[in-house]
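Q: I am attaching a structure below and will ask some questions about it afterwards.
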Amino acid sequence: MKNNIDYIRLILQPSYLHKRWVVLIFVIVNLLAIAAGYNWPKKYTSSSTVYIEEENILGPLMQGTAVQSNVIDRGMIAREIIFGRKIMQEVLEIGGWMELNPDPLEQEIIIDSIQANTIVTNVGRNLVQISYTNRDPDRAFKVTKGLVDLFIKGSFTEKAYESESAFNFIDKQVKEYEDKLRASEEALKTFRSQNVDFREGAEENVTQKISQYRSEIDAIEQQIREENIKKASLQAQLSGETETAAGLSRAEQIRSRIAELQSNLNTLRLSYHETYPDIAQIKNQIIELRETLAEEEEKRKQAKRTGTLYLDESVRANPVYQRLQSDLYQTNTLLATLEYRLKNIKKSLAEEIERDKRINAADATLKNLTRDYNVNYDVYQDLLRRRENARVSMNLDEEQQGLNLRINEPAYFPQLPSGPRFIHFVFGGIILGIVLPVGLFYGMQQIMPRIYDANDFNAYIEIPVLGELSTYVTENEQVAKKIEVYILSLSVISVIVIIIITSYLRLTG
Amino acid sequence: MSKIEDALKKSRSDNSTELVKTSSNVQSYINSDISLMEYDEQVAIGVLSNLKIIHYGMKDQKIFSEFRSLRTKLIQKSENTNLCIMIYSSLPGGGSSYVAANLAAAIALDEKKTSLLVNCDFTCKPDYENLLGQYHGGLIDFLSSDLPVEDIIYRSGIKRLRIIPAGSTNDTFSEYFTLRKFHELLQQIKGRYSDRYIILDAPSAMNPADIRLLSEFVDFGVLIVPYGKDSLDNIDKASKLISKEKMIGVVINNIPEIFAGK
């Protein structure tokens, strides 16, 4: 309670001391407020709300097929569309500004002022309010209406344009990928034609061949080694055998035959007579054989003389030797054949290895090409599908099915001005006229305290207060003071009267 | 001020012969007893009212009693009968002259006491100097010439109250308070009567050098704080111009009637 009194004193004391200032401020503030209220331009605001539907009937139907362009901050998007150059230019026409034929700079200024006086706000989830303020109620109405109409028109155009550009973009991409795909196919084709021996499974084939060749080489080499051993052993055996074996000569054979027949004859003579046919026959045979033998010997002698070889049938080739020799020949032939085969197989193996290398390199290239091709193919397929989606979206927007916009509350013709009214200025003036000086004093007391009584003083300085002296007012001064009070009261009263009169005039007029 | 002067003229014309007599007989009063001063002629009450000087039978008894109680407090502070008090305000126009004159008048109310009001503030002419009769030099004239002391001590028209006016104004006031002559003057007038109270009406604290110099000669200093006009900082500074022992206290002056006595 004491605190409250202190605060009141804190305000009252300086207010009383500087009462002239208080009254002066009160009067000036109020007069200014009245003047401001009188001259405050009347502004008329017209507004309209537009309903923007987020989902349309087709939306769920086309789920996943058509890509619906999302509209999130409708207010912001509406602002973007409305404040666009195109709409603003049309608004200039609608608002009648173009009648004065402003130059581009003036147009720019007018557009700026239109933008400054246009407020676009989200009033609900699907509602956007567009309001425009102008001194002319007719213009305010016209411009608001124009803005809303143009906004709706613009939104459809915008959306259609957006969908179309999306479609065009995807279409372009599709074409690009088509080209890429074609190039990949071409590259594969060229590669295949350049690598004829390279077929599917060629590598396995080559590997198989190589291993086959290798095992063959091993086998042949083994055989060659065996044949060589055989050859060596045959040669060793051959050196131990004579080339000819001393066989019975013809003459010898004849002699032995003669002897044999003689013995037979002898035997037969024992039992038979000389006339015995067998004995006779044998005797003939012996004679014949003797003749042959003589002939034979004659031939030999003759041959010795002439020096020509007479094949003596009694000297015959050594059969073992012959056999070995033939084996050796055979082995040599076999070896030569084997060597030749080995050489051939080795050559083939080298060729196959070379081929394997080539196949490996070609395989990497092929894989690359195939991968490119696959990727392009996938993307191309995906894009094709997307293009169809985009086409559907575009068709939707073209038929204005993608976005549902309608005027929820049409623009109205403003009857009452908006903004602060005269009465606000009046009340504001009265309140400010009182609060301003009081606040000033209060603030001053906080910043630079003034001394009003002993309590104040001793709160800050510890010097005894000997006395508090009242103002000595002489009679003349008393009169002057009274006059002052009258003048001040009169000033306040006249200001109040002015306020009442002006308010009355304002309300009736 | 013209009204005050008119009133004075009127009062003078009433007592003209006696005023002349007063001035011519200065010498006879100098060495006289207080009893002799009882015969001082009284200035018209209207004049005192206009000059804002308290007197018996004044309308506003509150102010009268305020000054009397102030006087009593000051006298109680001193055992020395011949007290020399300096009155200065924190701001120019703070009311030091008004308080000094009324304090002197309040002291003079006591029949056993006399007071001498010395105007040391050369910056402006205070109201009370209008009480003086024929003017023939003041403090400055005394200090700067061979004027006898008697010539600068004036009757005020108030019993037992004498006044030394500032005298012809000169720019370099400060130098006067350093003169030995000034000191001697104070000693002399102090000792003239027993129970004489000397009140120095000093310049405001805006002249700190003067205050410091004058405080050397006085027993006490009283700081006048104008109601609601001065900032705390300035008052604090002003109060520190004289030593703590001599700083006897402050007086808050000019409190509007509706806030007085709260």
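Q: In the structure shown, do any of A:Lys482/B:Lys229; B:Lys77/B:Lys159; A:Lys481/B:Lys125; A:Lys189/A:Lys346; B:Lys159/B:Lys244; A:Lys19/B:Lys52 have a Cα-Cα gap over 27 Å, and if so which?
A: In this structure, A:Lys189/A:Lys346; B:Lys159/B:Lys244 exceed 27 Å between Cα atoms.
Q: Decide, for the range A:455-509, between rounded, prolate and oblate: order the square roots of the alpha carbon gyration tensor eigenvalues as a ≥ b ≥ c, take rounded if a/c falls under 1.5, and otherwise choose prolate if a/b is larger than b/c, else oblate. Mind showing how you got there, number by number?
A: Values: a/c = 10.68, a/b = 2.16, b/c = 4.94.
It is oblate, given that a/c is not under 1.5 and a/b is not larger than b/c.
Q: Moving to a separate point now. Any idea how far the Cα center of the range B:201-250 sits from the one of the range A:84-132, in Å?
A: 71 Å
Q: I would also like to ask the following. Among A:His424, A:Gln381, A:Ile434, which residue has its Cα positioned farthest towards the positive end of the charge dipole of the range A:364-506, with +1 placed on the Cβ of Lys and Arg, -1 on the Cβ of Asp and Glu, and the dipole taken about the Cα centre?
A: Among A:His424, A:Gln381, A:Ile434, the one farthest towards the positive end of the dipole of the range A:364-506 is A:Gln381.
Q: Give me the lysines in straight-line cross-link reach of A:Lys43: C-alpha distance below 27 Å, same-chain residues under 8 apart excluded.
A: Within the straight-line cut-off, A:Lys43 pairs with A:Lys86, A:Lys142, A:Lys145.
Q: So which trypsin sites (Lys or Arg not before Pro) in the range A:115-214 end up in coil per DSSP with only 12 or fewer other C-beta atoms within 10 Å?
A: A:Arg125, A:Arg135, A:Arg199
Q: Pull out a ≥ b ≥ c, the square roots of the eigenvalues of the alpha-carbon gyration tensor of the range B:43-194, then state rounded if a/c is under 1.5, prolate if not and a/b is larger than b/c, and oblate in the remaining case. Numbers along the way, then the final one.
A: Details: a/c = 1.61, a/b = 1.40, b/c = 1.15.
It is prolate, given that a/c is not under 1.5 and a/b is the larger ratio.
Q: Answer rounded, prolate or oblate for the range A:407-509, using the Cα gyration tensor with square roots of eigenvalues a ≥ b ≥ c: rounded when a/c is under 1.5, else prolate when a/b is larger than b/c, else oblate.
A: Taking the square roots of the gyration eigenvalues as a ≥ b ≥ c, the range A:407-509 is oblate.
Q: Per 0.36 nm of contour for each residue apart, how much would the distance between A:Lys482 and A:Ile431 grow if the chain were fully extended, relative to their Cα-Cα spacing?
A: Residue separation times 0.36 nm, minus the Cα-Cα distance, leaves 15.7 nm.
Q: Whats the longest run of chain A with zero GluC sites (Glu not before Pro) that are DSSP loop and have at most 13 other Cβ atoms within 10 Å?
A: The reported range is A:56-199.
Q: Okay, helix-only estimate at 222 nm for chain A: each DSSP H run of n ≥ 4 adds -39500 (n - 2.57), divide by all residues, round to 500 deg cm²/dmol; what do you get? Could the numbers behind the result be given before it?
A: Values: 14 runs with 370 residues, N = 509.
Calculated from helices alone, the mean residue ellipticity at 222 nm is -26000 deg cm²/dmol.
Q: Another question, then. Would you list, by chain and number, the aspartates and glutamates whose Cα falls below 18 Å from the Cα of A:Lys299, excluding same-chain residues fewer than 8 positions away?
A: A:Glu252, A:Glu288, A:Glu291, A:Asp312, A:Glu313
Q: Please give, to one decimal in nm, the separation of the simple spin-label points placed at A:Ser165 and B:Ser144, each 7 Å out from Cα toward the Cβ.
A: Between A:Ser165 and B:Ser144, the simple spin-label model gives 9.4 nm.
Q: How high is the relative contact order of the range B:81-143? Use alpha-carbon pairs under 8 Å, at least six apart in sequence, and give a whole percent.
A: Relative contact order comes out at 24 percent.
Q: Tell me which of A:Ser263, A:Ile447, A:Ile287 sits at the most positive position along the dipole axis of chain A, charges placed on C-beta atoms (Lys, Arg +1; Asp, Glu -1).
A: A:Ile447
Q: Straight-line reach from A:Lys180: which aspartates and glutamates fall under 19 Å, measuring Cα to Cα and dropping same-chain residues less than 8 apart?
A: Straight-distance partners of A:Lys180: A:Asp171, A:Asp372, A:Asp378, A:Asp382.
Q: Can you tell me the length gained on complete extension of the stretch A:Asn205 to A:Gln446, counting 0.36 nm per residue apart and subtracting the Cα distance?
A: 76.3 nm
Q: Can you give the charge dipole size of the protein assembly as shown about its Cα centre, rounded to the nearest 20 debye, using +1 on the beta carbon of Lys and Arg and -1 on the beta carbon of Asp and Glu?
A: Working: 92 positive and 103 negative charges, 268 e Å.
For this selection, approximately 1280 debye.
Q: Return the loop-located chymotrypsin sites (Phe, Trp or Tyr not before Pro) in the range B:88-168 (DSSP other than H, G, I, E, B) with at most 16 other Cβ atoms within 10 Å of their own Cβ; answer none if there are none.
A: B:Tyr135
Q: Hydropathy at least 1.6 by Kyte-Doolittle, axial extent at least 27 angstrom from the Cα trace: which helices of chain A, defined as entire DSSP H runs, fit?
A: Span-like helices in chain A: A:422-447.
Q: Using +1 at the C-beta of Lys and Arg and -1 at the C-beta of Asp and Glu, which of A:Ser193, A:Ile114, A:Asn168 has the Cα lying farthest in the positive direction of the dipole of the range A:114-200?
A: The residue sitting most towards the positive pole is A:Ile114.
Q: Can you tell me the relative contact order of chain A? Whole percent, Cα pairs under 8 Å, sequence separation 6 or more.
A: Rounded, it is 35 percent for chain A.
Q: Just to verify a number: FRET efficiency for A:Ala236 and A:Arg214, C-beta to C-beta distance, R0 = 41 Å, to 0.05?
A: 0.80
Q: For the pair A:Arg506 and A:Thr157, what calculated FRET efficiency results from E = 1/(1 + (r/R0)^6), where r is the Cβ-Cβ distance and R0 = 41 Å, to the nearest 0.05?
A: Once the sixth-power term is evaluated, E becomes 0.30.
Any read-out appearing in this document is the output of simple, stated calculations on the displayed coordinates, not a laboratory observation. As the structure is a computational prediction, the values presented were derived from the model and not from experiment. All Cβ positions, even for glycine, are placed from backbone atoms using ideal geometry, and neighbour counts span all protein chains on display.
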